[in-house]
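Only one structure is covered here, and it is reproduced in the block below.
The values are calculated or read from the model by the stated rules, or taken from the named source; none is laboratory data. Treat the numbers as computed from the prediction; the structure is a model and nothing was measured. Methodologically, a virtual Cβ is constructed for each residue, glycine included, from the backbone with ideal geometry; neighbour enumeration extends over all protein chains shown. These area figures cover heavy atoms from the full protein model, side chains too; ligands, DNA and RNA do not enter into them. Shrake-Rupley method; radii C 1.70, N 1.55, O 1.52, S 1.80 Å.
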Amino acid sequence: MVTDRQPRANIIRVVAASMAGTAVEWYDFFLYGVAAAVVFPAVFFPSDDPAVGTLLALGTFAIGFVARPLGGLVFGHYGDKLGRKKLLVISLVSMGAATFAIGLLPGYATIGIAAPLLLVVLRLVQGFAIGGEWGGAVLIVSEHGDPARRGYWASWPQAGVPVGQLLANALLFLLAAVQSEAAFQSWGWRIPFLLSAVLVLIGLYIRLSIEESPVFRDAQARAAERVAAGEREIVPIVDVFRRYPREVFTAMGARFAENVSYYIFTIVITTYMTKRMGLPNSFVLGAVLIGTAAHLVVIPVWGALSDRFGRKPIYLIGAAGVGVWAFVFIALIDTANFTLTTIAVIGGLVFHAAMYGPQAAFLSELFGTKVRYSGTSVGYQLASVVAGGLAPIIAVALYTSFDSGYAVAVYVALSALLTIVAVASYGETRHRDLAEDHAVAPTR
């Protein structure tokens, strides 16, 4: 059993490497999401009906989520076999290459139907890569850090997500503000995609500098001993569904409201306010930019609070919070006032962070070391398909059909109810020893 606390300098280096790579990957992922809402309908999906073009572009956004469980499955399997670090490097390079290629991709006017088809292929590569990123990034920190502060340290890779979105939104906001709408639609949007190559090189340099998780190394040594003794080794993903079916569904349920609410507060707001309310892109991007900065600050705060009060109570505060705030959110953004819109985004993301901050530690604690990468990745990414992947499409269809944003608020509230049931019905996990090969479900 690994009981020695890692030196502070070492855990900070591991956190920095994990967070840097996560920020780059999610910069790429969110850049696509924002571009799908404000640029891609005209560039890749021209249509006489703007709503149709928007739905088609958001459909390619959802396609990326379809590839995520497969990425989680493949990366999880090899991450449990070969180690967290190697697979994290592969996921980072794959994501960066796909994003750079999108920046070079000609539009529909140039190459016709090949343009949206190639966009779909590149989006699938993005989804596959991000499917393997999250599990490895949070596990390598969770398995390095002091167990008493696991929630805090593991929340920092989560904070890499708003860093990535902050970078994506900031660049798009800047370009939209200094360029004409025509120039931005023509070529300006490509700049952030091409800059991804620089960010990937930086993230790769930092990520290659860290060591493999000591918890994983010990587990790998024990596995080698069992194989030498003639014991048959079980494929990690098979072991996950054989030993941890409840934990997989708990992880999925915990993810549901967190995933749905996040895309409503940061992606759907863009289409809602630009297409439905006729406000400029810079208005919405500016509000989301400020809200994302607040999100970055509060994620580790909620993570630290989960070390003190437990994962469950903090997570439930977040789930109940987004369910209620969704109605306040719609009321505030319907005013078309920038200050109130910014407050709406900040409030939503603060409650979201109460789920997202403890989430890394919570999901890591659900599974034993031998299958932890597979278990966390599959549970996390399966939920992404039906939650985050469909959220923009469902939300646009709801407010279009009912001619009201409050239909979207009801959708978020129902998602929150599902998450509350999933988390409340499972036991507290913060005292789990991650060095154990097999986890035992805690009592409530």
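So here's what we get for this one:
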quantity	calculated
Subset of region 274-294 that is buried (at least 23 other Cβ atoms within 10 Å of the Cβ) and touching a Leu at 6+ places or on another chain (Cβ under 8 Å) - its residue that is nearest to Y78 (Cα to Cα)	T292
Condition met for Y356 (hydroxyl-bearing (S, T, Y), open to solvent by less than 40 Å² (accessible area, probe 1.4 Å), assigned to a helix (DSSP H, G or I) and touching a residue at least 24 places away in the same chain (Cβ under 8 Å))	yes
Evaluation of E258 against (1) surrounded by fewer than 24 Cβ atoms within 10 Å (Cβ to Cβ); (2) modelled with pLDDT of 90 or more (one fails), failing number	(1)
Filter pass, Y373 being closer than 21 Å to V66 by Cβ, in contact with a helix residue (DSSP H, G or I) (Cβ under 8 Å, 6 or more places away or on another chain) and of a type in the set (F, W, Y)	yes
Some residue of region 370-380 being within 15 Å of L316 (Cα to Cα), under 16 Å from the mean Cα position of the chain (by Cα) and among the hydrophobic types (A, V, I, L, M, F, W, C)	no
Selection within region 222-244 - within 11 Å of K370 (Cα to Cα) and either of a type in the set (D, E, K, R) or modelled with pLDDT under 85 (or both)	R222, A223, E233, I234, V235, P236, I237, D239
V345 vs. criteria touching a residue at least 40 places away in the same chain (Cβ under 8 Å), aliphatic (A, V, I, L, M), under 19 Å from V410 (Cα atoms) and crowded, with 23+ Cβ neighbours inside 10 Å	yes
Members of region 190-207 found to be open to solvent by 40 Å² or more (accessible area, probe 1.4 Å) and either at pLDDT below 85 or under 26 Å from I12 (Cβ atoms) (or both), listed by number	V198, L199, L201, I202, Y205, I206
Candidates F329, F265 - the one that is touching a Leu at 6+ places or on another chain (Cβ under 7 Å), under 21 Å from A387 (Cα atoms) and in a helix (DSSP H, G or I)	F265
Condition check for L366: among the aliphatic types (A, V, I, L, M) and either in a helix (DSSP H, G or I) or under 17 Å from the mean Cα position of the chain (by Cα) (or both)	no
Residues of region 295-313 satisfying the condition of being open to solvent by less than 10 Å² (accessible area, probe 1.4 Å) and aliphatic (A, V, I, L, M)	I299
Candidates I269, I264, I237, I210 - the one that is open to solvent by less than 10 Å² (accessible area, probe 1.4 Å) and more than 21 Å from L167 (Cα to Cα)	I210
Residues that are open to solvent by less than 10 Å² (accessible area, probe 1.4 Å), closer than 18 Å to L73 by Cα and of a type in the set (A, V, I, L, M, F, W, C), drawn from region 92-149	L92, M95, A129, I130, W134, A137, V138, L139, I140
Qualifying positions in region 295-313 - in contact with a helix residue (DSSP H, G or I) (Cβ under 6 Å, 6 or more places away or on another chain), hydrophobic (A, V, I, L, M, F, W, C) and modelled with pLDDT of 95 or more	V298, I299, W302, A304, L305
Where W187 falls short, out of the listed (1) closer than 19 Å to M95 by Cα; (2) open to solvent by 60 Å² or more (accessible area, probe 1.4 Å); (3) not β-branched (V, I, T)	(1)
Only one of V421, V396 that is in a helix (DSSP H, G or I), open to solvent by less than 20 Å² (accessible area, probe 1.4 Å) and touching a residue at least 24 places away in the same chain (Cβ under 8 Å)	V396
